[in-house]
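Chemist: Can you read through this structure? Questions will come right after.
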Amino acid sequence: MYNFYLRNSVVMFFVFLFSVKAQATIFDVNEIVITSALNDYLQVAEFTAFSGGFDYASTGNATTTYSSLYSSSYPGSAALDGNLGSFFHSANSSTPDWLSIEFNTVIDIDMMQIAGRSGYDYGRDIYNIELFNAAGSSLALFNGVNAQGEGYVTFYDKITTQNNPIPEPSILVLMGLGLIGLFSVNRRKV
């Protein structure tokens, strides 16, 4: 009888151990590149990137570069200034322009938001957003992020995308010790 419980306990422990999924934080992000999903002008009113509840993008911890600029009235830095009334505007409507946001330090992203140009609905507020590490390797790609309308659109949030929490190591150790105890009790009785 004990063998039956022991076997089932061991099987359940390993099923539990290998079925746990990690939280959906995107680790080691150094750069974010935003492009138009429709090969039109690229217009971005605001972009935020949170790590531990702190917005690294719009608090002076990131810089922008871009492929083209419509005019000096619409600089790349306008996408990080915390003001929805100002925005970045690219110069080309037929070539794929990009806006790059590079962080001063590597961060782990918990949530990202983007706001398009409000009151100007020509499909220019649909984006492809790609995240890169310091070596230039792609970490994640979000295609067709639709930010049409007023205000911010949250397109990534680890709280809403995580499947299961990661169990604490102490819980796994206790479960393992319990199984060892069951096994040793069973061996003494045999």
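The values are calculated or read from the model by the stated rules, or taken from the named source; none is laboratory data. All values reported here derive from a predicted model rather than from experimental measurement. Please note: Cβ atoms are built from the backbone with ideal geometry, for glycine as well, and neighbour counts cover all protein chains shown.
Chemist: Being of a type in the set (A, V, I, L, M, F, W, C), more than 17 Å from Ala147 (Cβ to Cβ) and either modelled with pLDDT of 85 or more or outside the structural domain of Asn128 (by TED's automatic domain parsing) (or both) narrows it down to one residue among Ala62, Ala57; which is it?
Modeler: Exactly one of Ala62, Ala57 is of a type in the set (A, V, I, L, M, F, W, C), more than 17 Å from Ala147 (Cβ to Cβ) and either modelled with pLDDT of 85 or more or outside the structural domain of Asn128 (by TED's automatic domain parsing) (or both), namely Ala62.
Chemist: Of everything in the stretch 136-152, what is free of Cβ contacts under 8 Å to residues at least 24 places away in the same chain and of a type in the set (A, V, I, L, M)? Give them in sequence order.
Modeler: Once the filter is applied, which keeps residues that are free of Cβ contacts under 8 Å to residues at least 24 places away in the same chain and of a type in the set (A, V, I, L, M), the stretch 136-152 yields only Leu141.
Chemist: A further question follows. When both residues are 6+ apart or on different chains and their Cβ atoms are under 6 Å apart, which pairs have a first residue that lies in the stretch 73-84 and is closer than 10 Å to Gln43 by Cα, and a second that is among the basic types (Lys, Arg) and modelled with pLDDT of 95 or more?
Modeler: Here the result reads none, with nothing in the stretch 73-84 linked to a residue that is among the basic types (Lys, Arg) and modelled with pLDDT of 95 or more.
Chemist: While we're here: How many residues are among the aromatic types (Phe, Trp, Tyr) and in contact with a helix residue (DSSP H, G or I) (Cβ under 8 Å, 6 or more places away or on another chain) if we restrict to the stretch 67-105?
Modeler: 2
Chemist: State all residues of the stretch 111-126 that are under 15 Å from the mean Cα position of the chain (by Cα) and under 15 Å from Leu42 (Cα atoms); if no residue qualifies, say none.
Modeler: Correct list: Ile114 only.
Chemist: Between Ser51, Ser86, Ser72, which is farther than 17 Å from Ile129 by Cα and either surrounded by fewer than 15 Cβ atoms within 10 Å (Cβ to Cβ) or among the aliphatic types (A, V, I, L, M) (or both)?
Modeler: The conditions single out Ser72.
Chemist: A further question on this structure: Six or more apart or on different chains, Cβ under 8 Å: which pairs go from a residue in the stretch 44-66 that's within 16 Å of Phe87 (Cα to Cα) to one that's among the basic types (Lys, Arg) and outside any strand (DSSP E or B)? Could you list them?
Modeler: Val44/Arg117; Ala45/Arg117
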